[in-house]
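Report on the structure given below.
The values are calculated or read from the model by the stated rules, or taken from the named source; none is laboratory data. Please read all numbers here as calculations on a predicted model, not as lab measurements. Every residue, glycine as well, gets a Cβ built from its backbone with ideal geometry; the counts of neighbours run over all protein chains shown. Calculation scope for accessible area: heavy atoms of the full protein, side chains included, ligands and nucleic acids excluded. Shrake-Rupley method; radii C 1.70, N 1.55, O 1.52, S 1.80 Å.
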Amino acid sequence: MFDFISDGQTLLFILVLLYLTECLVWLKKQSVAFVSPSGKRWRLAAPKSWLGNANGALLFLSPLPPPGQIVLSHLLPVSISPSGVCAFNSQVLPSGSRPATQTGEFVPFSSIKQAGSDGAYLLLNNEKFAKCATPKQAKALASVITSAAQAKVSKRESIVRSWVAKQFDARAAEKLWREAEEEIGSLQELCTILFLFLFVAVPTIATVFGLQQLLIPAGATMIALAVLIGIMFFRLHRKFFPAESQERFENLLKMILCPPVSIRAADIITRHLLSDYSPIVVASVLPGTKEQQFVRAFALDLQHPLKHEVTEAKAVETIAWAAAEQLKASLAHVERAGDASLLGPIKREGDSVAYCPRCGIQFVVSEGECPDCPGVELVGFADQREEVQLSHRSG
Ligand SMILES: [Zn+2]
């Protein structure tokens, strides 16, 4: 009897461990994660910095069902202007720093014969140009670069602008989210059933009746449920990510070979569902998010970027053009969402005479750079009238 229980405990321990590894997500420096343990109220997730390195950090998702509790959004690894592509994005997320992989190399559209992708790498003329957050992002960038490179010079600006506009199309993002929410429900239920079966029902029955008689029927039920989840996952994934067949097959194989993994199937669908949209659009689409602080910091970072080492004139021009377009679109989005007040001037506290226009920290000295924001000059409260009022600059 004792032997059976300890065998059972070992087995349960292995299954729990396998399952928990699926609740870990590697969050890159240029990525933003929104999480919701209940699926109702979403918030920005902060990864554990002690579990990270220069490129990112680990994020723990709540192991309790239902799965489908994570949505990611990524900054672009490149800047695109009507003249070309630069492997650098000046944006820095409030939580992070620039990824070290950005080279700052500039290629004009006139020299781009071919754009493609290899995994997460964006290829220009068959050479690795930038590392993207996901293969999906690499493919999307390759596609817009191809159409701009093949277009007439006069058409390029409108192609790039409409691509930026798509990243801020909150209506399309919301429609996609509603559609997914409706479709994903039965997958989440099935995942929850497998969770309860594996981690509640089987251990309880095994404690009462012993493990030996239970092993084969429980194993068969687990595999059957995993196959069912796999089929459902496959169908949904093909619908929402028609071009990502590699991700689809890899995950399906994992689920069938290692059934506890399939409990998190819904996460794989929600994770990249809105990743084509700007982080501030995702923040406004997901229900219950109150991330005004994040939206403000996002817009101020675009307006007051941290300094960088890129010096080539064409590259600098492209970086500035792309940031200005992102800022314009961000401000327009905030105004449409009716949150323009959150971009208002900051209130002076105590004896402060100046503040950092990027992070908002106040100082008793009137000149110099903000120690937290390299390259950003402090602004005196006396000059605030001209400097801030972000929301009125968008027009
Ligand atoms: Zn600052």
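Quick one: which helices (runs of 4 or more DSSP H) sit completely within segment 145-224 and have at least 2 residues that are more than 30 Å from I70 (Cα to Cα)?
Per the criteria, 153-167, 202-209.
Going through segment 187-201 one residue at a time, which ones are touching a residue at least 24 places away in the same chain (Cβ under 8 Å) and over 15 Å from K239 (Cα atoms)?
Here is the first cut: in segment 187-201, the ones touching a residue at least 24 places away in the same chain (Cβ under 8 Å) are 187-199.
The answer is Q188, E189, L190, C191, T192, I193, L194, F195, L196, F197, L198, F199.
Only residues that are open to solvent by less than 20 Å² (accessible area, probe 1.4 Å), in contact with a Lys or Arg (Cβ under 8 Å, 6 or more places away or on another chain) and not aromatic (F, W, Y): list them for segment 92-119, please.
V92, L93
Inside segment 121-135, can you point out the residues that are aliphatic (A, V, I, L, M), within 24 Å of L273 (Cα to Cα) and at pLDDT 95 or above? I'd like the intermediate steps shown before the answer.
First pass over segment 121-135, keeping only residues aliphatic (A, V, I, L, M): 122-124, 130, 133.
Now drop any that are not within 24 Å of L273 (Cα to Cα), which leaves 122-123, 130, 133.
Once the filter is applied, which keeps residues that are aliphatic (A, V, I, L, M), within 24 Å of L273 (Cα to Cα) and at pLDDT 95 or above, segment 121-135 yields L122, L123, A130.
So, of the residues in segment 283-325 that are charged (D, E, K, R) and closer than 17 Å to S90 by Cα, which turns out to be surrounded by the fewest Cβ atoms within 10 Å (Cβ to Cβ)?
Initially, segment 283-325 is screened for residues charged (D, E, K, R), giving 290-291, 296, 301, 307, 309, 312, 314, 317, 325.
Of the ones still in play, those that are also closer than 17 Å to S90 by Cα are 296, 301, 307, 309, 312, 314, 317, 325.
Details: R296: 20, D301: 23, K307: 11, E309: 7, E312: 13, K314: 14, E317: 16, E325: 21.
The qualifying residue surrounded by the fewest Cβ atoms within 10 Å (Cβ to Cβ) is E309.
Given the conditions (1) modelled with pLDDT under 95; (2) within 19 Å of the chain's Cα centre (by Cα), which single one is not true for P260?
So the condition that P260 fails would be (2).
Could you grab the pairs with beta carbons closer than 7 Å, sequence gap of 6+ or different chains, first residue in segment 56-76 and over 21 Å from W177 (Cβ atoms), second one aliphatic (A, V, I, L, M) and open to solvent by less than 30 Å² (accessible area, probe 1.4 Å)?
G56/L27; A57/L27
Scan segment 124-133 and tell me whether some residue there is surrounded by 19 or more Cβ atoms within 10 Å (Cβ to Cβ), assigned to a loop (DSSP other than H, G, I, E, B) and out of contact with any Gly (no Cβ under 6 Å at 6 or more places or on another chain). Spell out the reasoning first.
Initial filter on segment 124-133 (surrounded by 19 or more Cβ atoms within 10 Å (Cβ to Cβ)): 124, 129-133.
From what is left, the residues that are assigned to a loop (DSSP other than H, G, I, E, B) are 132-133.
Adding the requirement that they be out of contact with any Gly (no Cβ under 6 Å at 6 or more places or on another chain) leaves 132-133.
Within segment 124-133, one or more residues are surrounded by 19 or more Cβ atoms within 10 Å (Cβ to Cβ), assigned to a loop (DSSP other than H, G, I, E, B) and out of contact with any Gly (no Cβ under 6 Å at 6 or more places or on another chain).
Looking at K328, is it surrounded by fewer than 18 Cβ atoms within 10 Å (Cβ to Cβ), more than 16 Å from the ligand (Cβ to nearest atom), part of a helix (DSSP H, G or I) and of a type outside the set (V, I, T)? Outline the logic, then answer.
Values: surrounded by fewer than 18 Cβ atoms within 10 Å (Cβ to Cβ): yes; more than 16 Å from the ligand (Cβ to nearest atom): yes; part of a helix (DSSP H, G or I): yes; of a type outside the set (V, I, T): yes.
Considered against the rule, which asks whether it is surrounded by fewer than 18 Cβ atoms within 10 Å (Cβ to Cβ), more than 16 Å from the ligand (Cβ to nearest atom), part of a helix (DSSP H, G or I) and of a type outside the set (V, I, T), K328 comes out as yes.
Among F241, F234, F197, which is the only one that is open to solvent by 30 Å² or more (accessible area, probe 1.4 Å), under 17 Å from E179 (Cα atoms) and in contact with a Leu (Cβ under 9 Å, 6 or more places away or on another chain)?
F234
Quick one: which residue in P371, P357 is within 9 Å of the ligand (Cβ to nearest atom) and free of Cβ contacts under 8 Å to residues at least 24 places away in the same chain? Steps first, please.
Values: P357 fails: free of Cβ contacts under 8 Å to residues at least 24 places away in the same chain.
Selected residue: P371, the only one of P371, P357 that is within 9 Å of the ligand (Cβ to nearest atom) and free of Cβ contacts under 8 Å to residues at least 24 places away in the same chain.
(1) farther than 16 Å from I193 by Cα; (2) in contact with a helix residue (DSSP H, G or I) (Cβ under 8 Å, 6 or more places away or on another chain); (3) aromatic (F, W, Y): which one isn't true of F249, the others all being true?
With respect to (1) farther than 16 Å from I193 by Cα; (2) in contact with a helix residue (DSSP H, G or I) (Cβ under 8 Å, 6 or more places away or on another chain); (3) aromatic (F, W, Y), F249 is out only on (2).
With S110, S73 as the choices, which residue is of a type in the set (S, T, N, Q), touching a helix residue (DSSP H, G or I) at 6+ places or on another chain (Cβ under 7 Å) and not in a loop (DSSP other than H, G, I, E, B)? Give the steps one after another, and end with the answer.
Numbers: S110 fails: touching a helix residue (DSSP H, G or I) at 6+ places or on another chain (Cβ under 7 Å).
Exactly one residue qualifies, and that residue is S73.
Restricting attention to segment 338-354, and to residues there that are within 14 Å of the ligand (Cβ to nearest atom) and over 31 Å from the mean Cα position of the chain (by Cα), which single residue is nearest to R296 (Cα to Cα)? I'd like the intermediate steps shown before the answer.
Going residue by residue through segment 338-354, those that are within 14 Å of the ligand (Cβ to nearest atom) are 346, 352, 354.
With over 31 Å from the mean Cα position of the chain (by Cα) added as a condition, the list becomes 352, 354.
Values: S352: 21, A354: 19 Å.
Per the stated criteria, the residue is A354.
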